[in-house]
Amino acid sequence: MDYKNHIEHYKIDGEYYDYFAFDKFMVAEINRRYQEFLNLANPKPNSAILDIGSGGGGSSLIQKREARYFPLDISDNNLKRIKELSGNSTFPVNGDAYHLPFKENSLNLIMMSEILEHLAHPMEALKEVVRILKPDGQLVISVPYKEKISYQICIHCNKPTPTHSHLHSFSPESLRYLLSQAGLTPLRFSKNLNKVLNRSHINYYLRSLPLRLWRIIDFLFNTIIDKPTSMIFVCSK
């Protein structure tokens, strides 16, 4: 499936969908994912971090790392809200994943949190990532784990559209292959946010638990019940 004008489509979505009004359970899930991103990548102070398709952004966690944060989104509304809620080290950028407005070899760390499954042409986006990533830089990417895609009727165009606008489903093997074909070397892999813990809201009640302890619990559940919400790859160029 392809959009005739993906930029216009997502601008409309940005007017309707409030990325800053998530319920407390979704907020806890997003925070854990960003914590895991930063834990795996461990960016140095003053690193340049690009967050592609930032939505509501992960600026509060990223700013604690004393990094320069570049949230990139198609929606001006999202970027304006991120800036209002962020400090001086946040620099919102309007753009899309196929045409990243950055110079070659310019960024230390690029994050793609639950973005690749939305893109009609994921390889094009990954090649853009390779272009702008520094030689010693890292990509940290998460996608839904072995998702079963369903379809709904789009309220804008009255045509069948995937639920949550997810166009692709990935397994660890298929995503590893795609990353490799784009010129990236997968270094580390993890399964994240077990669905049993999510749907029972246990993850919410564990939200204050230190990341190290929470990761042990999440790992044990994913080992016993192979139902993670997401999988994460850390890649080098």
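Quick notes on this one:
- Burial ordering of R131, R212, fewest other beta-carbon atoms within 10 Å first: R212, R131
- Likely footprinting exposure, D136, D73, fewest C-beta neighbours within 10 Å first: D136, D73
- Under the criterion of Cα pairs below 8 Å and six or more residues apart, the relative contact order for the chain equals 20 percent.
- Available extension along the chain between N94 and S169 is 24.3 nm, counting 0.36 nm per residue and deducting the alpha carbon span.
- Distance cut-off 19 Å, percentage of C-alpha pairs in region 151-237 lying past it: 57
- For the chain, the calculated P(r), taken from all Cα-Cα distances in 10 Å bins from zero up to the bin holding the longest distance, is 7, 32, 40, 20, 1 percent.
- Cα-only Debye scattering, region 71-184: base-10 log of I(q)/I(0) at q = 0.11, 0.12, 0.21 Å⁻¹: -0.43, -0.51, -1.25
- Nitroxide proxy distance, nm - points 7 Å out along Cα→Cβ at C157 and R212: 4.9
- Here the label points at T185 and N42, each 7 Å from Cα along the C-beta direction, are separated by 1.8 nm in the simple model.
- Histogram of C-alpha separations across region 93-150, 5 Å bin width, %: 4, 18, 27, 26, 14, 7, 3, 1
- Segment V196-F25, extension gain: residue separation times 0.36 nm, minus the distance between their alpha carbons: 60.2 nm
- DSSP bridge orientation in the chain - percent antiparallel, rounded to nearest 5: 50
- Label-point gap, in nm, between E66 and N105 - each point 7 angstrom along Cα→Cβ: 2.7
Here, each number is a calculation from the coordinates, and none is a lab measurement. What you are looking at is a predicted structure, and each value in this text was computed from that prediction instead of being measured. Ideal geometry is used to build each Cβ from the backbone, glycine not excepted, and the neighbour counts take in all protein chains shown.
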